[in-house]
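The values are calculated or read from the model by the stated rules, or taken from the named source; none is laboratory data. What you are looking at is a predicted structure, and each value in this text was computed from that prediction instead of being measured. We place every Cβ from the backbone using ideal geometry, glycine too, and count neighbours over all the protein chains shown. Note: areas computed on protein heavy atoms with side chains; ligands, DNA, RNA excluded. Shrake-Rupley method; radii C 1.70, N 1.55, O 1.52, S 1.80 Å.
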Amino acid sequence: MDIFDVFLLEAVLNGLLLGGILALLALGLNLVFGVIDVVWICYAEMIMIGMYAVYYLHNVYHWPLWLAFASAIAIVALGGAALHHLVIRPVLAAEPINQLLVTGGVLFFLQAAATLVFGVEFRNLGIRLPQLQFGEMYLSMARLIAFGVALAAMIAMSVFLKRSYLGTAIRAISQDRQIMPLMGVNPNRIFLVTSALGGALAGVAACLLVLQYDIHPAIGLSFGPITFLICVLGGLGNMMGGFIAAFIFAQFISVGGFFLHVEWGYVLAFLFFIAVMFWKPQGILGGK
Amino acid sequence: MKYAALALLAAAPLLGMGNYPLHLLILCLLWACVYTSWSVMGRLGMVSFGHGAFMGIGAYVVVMGWNHYGLSPWIGTPIALALAAAVAFLIGYPCFRFKIVGHYFALVTLALSEVTRLIIVALRDQTGGSLGVTPKTALADVSYSLNALQFSSKLVWFYVILAFWLGGLWIWKKVDESMGRLALEAISQEEDAAASIGINVTKLKLGVTILSALMTCMGGVLYAQYQLYVNPDTVSGIGISLQMVFGVIAGGMFVRLGPTVGAAFTLLLAEGLRLWFGNQYHGLDLTVYGLMLVLFIIYMPKGILGAASGALEKRRMVRAGA
């Protein structure tokens, strides 16, 4: 095999692994949007809080890693519920754009508060997972784990939504927000549970990302925008669409970055997004 | 009254103002310019998260032209404006044609501002990447250069930016007085109804968007020439785009001086907190700012000036009724 193709294949495979984690990021945001009809602009900042939680619990307080992970997920889940209760609920009846903007305010707040409390230094867990070698290709172990966990989390989520009573209620309310209260479902409770679930998914993403990236207060900006775009590309609230869109985006970034520079991969992905928006404003899986 | 206030503002630097307060005043007017530009379209229901793109184009096209091709900003500025208008058209036309509104419009424009930032970073050999770039100085042995649009005197900048700020307010007024504005208000309320009575929705929206983009681009040019330093994160990308939106919200986007009040408020808050607490609490100003934004949007969605004039109006009504 030509050596060129090996590297290209490596880029494609890395893109696939990146797609897994992007799909997980998109899942939480889509869940919240599908049910509550609000985009959490501060979603990536919630992940940042989760990453700091893991770092402090594990590296500063020396908790075992699994306990730090579990606690971080719980913390971000509580954060999601708090975000809904304190910030989203008061503006639920306001103009939709206000709901978008209010979470943008939370983005500023969380980012600045993290700077204030944690400082601007880059931190990392100090855990370096090995690179796996397949023939001439190298794949990151951390990415492989992230891919596997992301996939498992997504399957667990879909089983939960399909099989449990609460999941059924969540799906029902996302289909018809007006009728469900008449059927005896308490929307406030469902909204709160959904927000906590969305937060928990952000927490899982935080645990996976903390294995690969350094933590700093502005890290949210490096994957926040891309998460929104994936969700919009897949059709906001459409979980399957978001899943597919994540893998498309990841390929643009990985393969585009392989041929050009990594930023050009992002530029291509974003331009692709804008082009698709004009062609299919409801997202790739959206109907008419 | 209005003119007296304006005369006072124009005379302020001559009354022996220090260099630092003057710098703050200039920055305040500059951001007021940019925020006003954003509101020209934002208040009509087109909430853009992508105005960083236009500001970035203004700042970088002019600086790059000067640094690499020796192009005077007098030539660079029209090029930047043309480019900003073209980008606004390219993004606006399909958006309005296919009725991409609300969340979707905000997120599409967000992608645009990120594309601009990433292109600036990716062209790091020319633009200096995320480290930013300074325009080559023309002030080595002179105190000003008209050709390079560089002035060492802050006083010159004060009057230049004051003029642009007044120009922005004048454009806002002209838009208000034109027939188009009534139509645009109708569009922002009920797009389909507006279309059904023969309003050309796409054309009007596009016009306002291009106008707003041109004004923002000009703001970018002024910013680069005044600060003599540009950085992709301070003139483009999601951060600055959100800053514009929130500055406007804090002040109030439906009143003409709202964006200006927003700019003054944001700047004074940041400087005030810094003077108060000193520099050791890095991020404190933005923490308070973010918290206030959230409270504003929940409890005072019309902004400071909007709420104040609303309260005044109510009082007047009560008095008239009694």
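Rg and Dmax of segment B:116-216, based on Cα coordinates, read 20.8, 63 Å. Per-atom-type breakdown for segment B:2-237 gives carbon and sulfur 67% of the accessible area (1.4 Å probe, protein chains only).
The calculated P(r) of chain B, using every Cα pair and 10 Å bins from 0, goes 6, 24, 34, 25, 9, 2, 0, 0 in percent. Over segment A:200-288, consider all pairs of different Cα atoms and compute the Kirkwood hydrodynamic radius from their mean reciprocal separation; express it in Å, one decimal. Every distinct Cα pair counted, the radius reaches 13.9 Å. Relative contact order of chain A: 35 percent, from C-alpha pairs under 8 Å at least 6 residues apart in sequence. Where only DSSP H runs of four or more residues are counted, chain B gives -25500 deg cm²/dmol as its mean residue ellipticity at 222 nm, each run worth -39500 (n - 2.57). Mean sequence separation of contacting Cα pairs (under 8 Å, at least six apart), scaled by the length of chain B, corresponds to a relative contact order of 30 percent.
In segment B:255-292, burial by the other protein chains removes 50 Å² or more of 1.4 Å probe accessible surface, compared with the chain on its own, from B:HIS282, B:THR287.
If you roll a 1.4 Å probe over the heavy atoms of the protein chains, what accessible area per residue do you get for chain A, in Å²? Result: 42 Å² per residue. Placing pseudo-labels 7 Å out from each Cα toward the beta carbon at A:LEU132 and A:HIS85 gives an inter-label distance of 4.1 nm. Once B binds A, the 1.4 Å probe can no longer reach about 3800 Å² of accessible area, counting both sides.
For chain A, take every pair of Cα atoms, bin their distances at 5 Å starting from 0, and report each bin as a whole percent. With 5 Å bins starting at 0, P(r) equals 1, 6, 11, 16, 18, 17, 14, 9, 5, 2, 1, 0, 0. Please report how far the C-alpha centroid of segment B:1-43 lies from that of segment A:1-66, rounded to the nearest whole angstrom. That distance is 44 Å. Taking θ as phi - 60° and the Karplus parameters 6.51, -1.76 and 1.60, the scalar couplings of segment B:78-85 work out to x, 5, 4, 5, 4, 5, 4, 5 Hz in sequence order, x denoting glycine and proline. As a calculated quantity, the FRET efficiency between B:ARG316 and B:ASP176 at R0 = 22 Å, using C-beta atoms, amounts to about 0.55. Eigenvalues of the alpha-carbon gyration tensor of segment B:21-144, scaled by 5 and square-rooted, set the equivalent ellipsoid semi-axes at 29, 18, 13 angstrom, largest first. Taking the longest Cα principal axis of chain A as reference, the axis of helix A:262-279 is set at about 40 degrees.
Solvent-accessible area per residue in segment B:10-124 equals 32 Å², computed with a 1.4 angstrom probe and all protein chains kept. Spatially close Lys pairs in the protein assembly as shown, defined by Cα atoms under 19 Å apart and a spacing of eight or more places or different chains, total 12. For segment B:4-62, the equivalent ellipsoid built from the Cα gyration tensor has semi-axes of 29, 16, 8 Å, listed from largest to smallest. When restricted to Cα atoms, segment B:179-259 yields an Rg and a Dmax of 16.1, 50 Å, respectively.
Just to make sure I understand: if all protein chains stay in place, what is the order of B:LYS205, A:LYS162 by accessible area at 1.4 Å, largest first?
A:LYS162, B:LYS205
Computed from the C-beta positions of B:VAL156 and B:PHE89, the FRET efficiency with R₀ = 45 Å rounds to 0.85. Dimensions of the protein assembly as shown based on its C-alpha atoms, expressed as ranges along the principal axes with the largest first, amount to 69, 68, 52 Å.
Only DSSP H runs of four or more residues enter the estimate; each adds -39500 (n - 2.57), and after division by the residues of chain A the mean residue ellipticity at 222 nm equals -24000 deg cm²/dmol.
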